Amino acid sequence: MLYSLPFANPAAKGNEDKYLGLVDMADVLQFVCFISVMKDIIEAVLTKEIDWNEYMKEEIKVFSEIQVKEIVKDNKNHNPWCPVWSGSPVHSLFDIFSKEVNVHRVPVTNDDGAVIGFISQSRAIQWLYGKMDSLDKLGIENYKVKDTTKGKEAPKVFSVKETDKTLDAFGILLENKILGAPVVDGDGKVIGALSVSDLKRVGYKQLFKDVMLPLKEFLAKTKSPGAAVGVITCTENTSLKEVLIRLAENKIHRIFVVDAENKPIRVMSLCDLVSGLNGGANTHVV
């Protein structure tokens, strides 16, 4: 019912049936950024702008100070493996999405523990959208965006500028461990969105060339056919019903909450949406 083809692949330990996690576009992005930086370093060495031996001494020093457990710990925070049994009630799935903020795809297992499919946030949003009549009866219209942050501090919004080099903008996503961010103009107003999934629309032969473009040019070049015109936003007073509609009908993973000047103040994802619908309580709307 909810199963969909994944945009991530499970990583297993050798030939064992023990899954370590998922490899997705964020991992691809990390590789692209690394290769692009290495290209700049090699060019700098060839033009004698930096001394290779001195550079390597510093890199070796950094690697000698980092323990393997730090890498493992970081890997657990990105795309953690959180399976759900196919016979579980549907709220078990949404509990994972609402509580595990870094889970973007949930593996579904059978009675033997074997993976039989994946449920992405996008598929979960579409499923909720299809249950709108049931949600209406539960008063979804009465839940507002501002209600989702009651009693807790909203996370900081990291934005990128339309004039940034695309590689630098993607670097901001990596540095802050996020999958998307609002694109702002010189006045700090939202004019677009950048997501790691944008890399999927770039052919591998053009990839390293296109990430050197100004972000505005990159986004214009990679815009998918049928994509929404303009950026999809909401305000603190928008109902969660309307948020769900905008997410589902525009086939997006997140929506930016803006103030009266159209400046981003936070991001709403499926995690925030489900948490808001459940009111942070032990009762389940979904």
Review point. Do the conditions hold for residue 153, that is, is it buried (at least 16 other Cβ atoms within 10 Å of the Cβ) and either under 27 Å from residue 236 (Cβ atoms) or touching a residue at least 60 places away in the same chain (Cβ under 8 Å) (or both)?
Key: no
Point to revise | Complete set of residues in region 127-141 that are on the phi < 0 side of the Ramachandran plot and not in a helix (DSSP H, G or I) | key: 131, 138
Practice item. Go through (1) surrounded by fewer than 18 Cβ atoms within 10 Å (Cβ to Cβ); (2) under 29 Å from residue 245 (Cα atoms); (3) among the charged types (D, E, K, R) and name the single condition residue 198 misses. Key: (1)
Check your understanding: Only one of 181, 124, 154 is in a loop (DSSP other than H, G, I, E, B) and under 21 Å from the mean Cα position of the chain (by Cα); which?
Key -> 154
Point to revise | Meets criteria (among the hydroxyl-bearing types (Ser, Thr, Tyr), modelled with pLDDT of 85 or more, open to solvent by less than 60 Å² (accessible area, probe 1.4 Å) and farther than 26 Å from residue 266 by Cα) for residue 109 | key: yes
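The values are calculated or read from the model by the stated rules, or taken from the named source; none is laboratory data. It should be emphasised that the depicted structure is a prediction, and the values quoted were computed from it without experimental measurement. Backbone-built Cβ (ideal geometry, glycine too); neighbour counts: all protein chains shown. Each accessible area value is taken on the protein alone, full model and side chains, heavy atoms only, with ligands, DNA and RNA left out. Shrake-Rupley method; radii C 1.70, N 1.55, O 1.52, S 1.80 Å.
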